[in-house]
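A.B. asks: Please read through the structure below; I'll follow up with questions.
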Amino acid sequence: MALLSKTITAFGGLLLAHACYSAREHTTLLSLRAATAATLTSSPTVAASLPLDIIIETIISTFIILVGLVLGTRPLRPIEWRVWAGKIEREGEEGFTDNSGAVDRDFVGNPFSLLESRPNFVDIRKQRKEFADWIQKGDSLQAQ
Amino acid sequence: MSTERELQISPIVQESVMHNSRTLSNLQSLTASLFGVSAGILGLESYSGFLLYLVFSLLTAVLVYLLRVAPTSLSSGKPPLDTSRYFRSPFDFWTGGLMNGLAGYILTWTLFYGMVRA
């Protein structure tokens, strides 16, 4: 996604630079022409006489750069607490990366993680059973 | 329902609010400078220049809505043109960046007007 937005922005930037250069050449040409014909007439302004294709190219290149920049913004985060917490539960930290794949620096994580791993809430019988199963499995492996 | 009661029923995540508003204002400052380049190249004068700024800023907001807000917001059942999933006030979303980017716009506008028009 970052590559796509950068490509689009760069392409629009090229078009805009081309339009800028064309407009500059056009006004230079007009002023040169006016300077050589200065004895005949005096043309004060050369404003609003850009050719149509330069105008169209400027507007379209601006639009392309705009699309590229909007695509390059980071994804927004939900502000309702329940939606945000649900997103953390489902996607973990992958839902909060910026465009290059690194996790955002101000990502808080599960706000209740400290509560969920308290020692008072450890299920000791389940852990004993698991340990016993593991020992049995180890004995059967050794006996083979 | 008063706001405090609403906030107790469905609280707001402050970190997300800050992240979203920071993203939006960065984008709007950046694109305001870009629009100034375009206005300078086109050689626009007073009223038409500011009109271009307004039109393009609204276009930016529409694009941000279409590309960043709408896919997840519509699929979670919100009505169209509703930004309440990501932003607290729709007025701030649609028109908040205007004052923010105006200075950058005028800066690049006068710069490129001078450069292109000699």
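A.B. asks: In the neighborhood of residue A:135, defined by Cβ-to-Cβ distances under 12 Å, what is the net charge if each Lys or Arg adds +1 and each Asp or Glu adds -1?
C.D. replies: Counting the neighbours of residue A:135, the net charge comes to 0.
A.B. asks: To make sure I understand the rule: partners must be lysines, Cα under 28 Å from the Cα of residue A:87, and not fewer than 8 residues away in the same chain. Which ones qualify?
C.D. replies: The qualifying lysines are A:6, B:78.
A.B. asks: In the calculated pair distance distribution of the protein assembly as shown, what percentage of Cα-Cα distances lie above 25 Å?
C.D. replies: 60 percent
A.B. asks: Buried accessible area between A and B (1.4 Å probe, both chains summed, ligands and nucleic acids excluded), in Å² to the nearest 100?
C.D. replies: 3500 Å²
A.B. asks: By the scheme Lys and Arg +1, Asp and Glu -1, what is the net charge of all other residues having a beta-carbon under 15 Å from that of residue A:85?
C.D. replies: Once positives and negatives cancel, what remains is -1.
A.B. asks: For B:59-67, what's the mean count of beta carbons from other chains sitting within 10 Å of each residue's beta carbon?
C.D. replies: Average per residue, whole number: 3.
A.B. asks: Just checking the output field for B:31-39: average partner chain Cβ neighbours within 10 Å of each residue's Cβ?
C.D. replies: Across B:31-39, the average partner-chain Cβ count within 10 Å equals 4.
A.B. asks: Further, regarding this structure: By average Cβ neighbour count within 10 Å, what is the ranking of A:125-136, B:71-82 from highest down?
C.D. replies: Going from most to least packed, we get B:71-82, A:125-136.
A.B. asks: So for the pair residue B:106, residue A:125, with labels modelled 7 Å out along Cα→Cβ, what separation do we get in nm?
C.D. replies: Label at residue B:106, label at residue A:125, 7.5 nm between them.
A.B. asks: Based on the Cβ-Cβ distance of residue B:8 and residue A:108, what FRET efficiency does E = 1/(1 + (r/R0)^6) give at R0 = 25 Å, to the nearest 0.05?
C.D. replies: 0.75
The values are calculated or read from the model by the stated rules, or taken from the named source; none is laboratory data. Please read these numbers as outputs of a predicted model, since none were measured by experiment. Positions of Cβ are generated from backbone atoms using ideal geometry, with glycine treated the same way; all protein chains shown enter the neighbour counts. When the accessible area is computed, the model is the full protein with side chains, heavy atoms only, and any ligands, DNA or RNA have been set aside. Shrake-Rupley method; radii C 1.70, N 1.55, O 1.52, S 1.80 Å.
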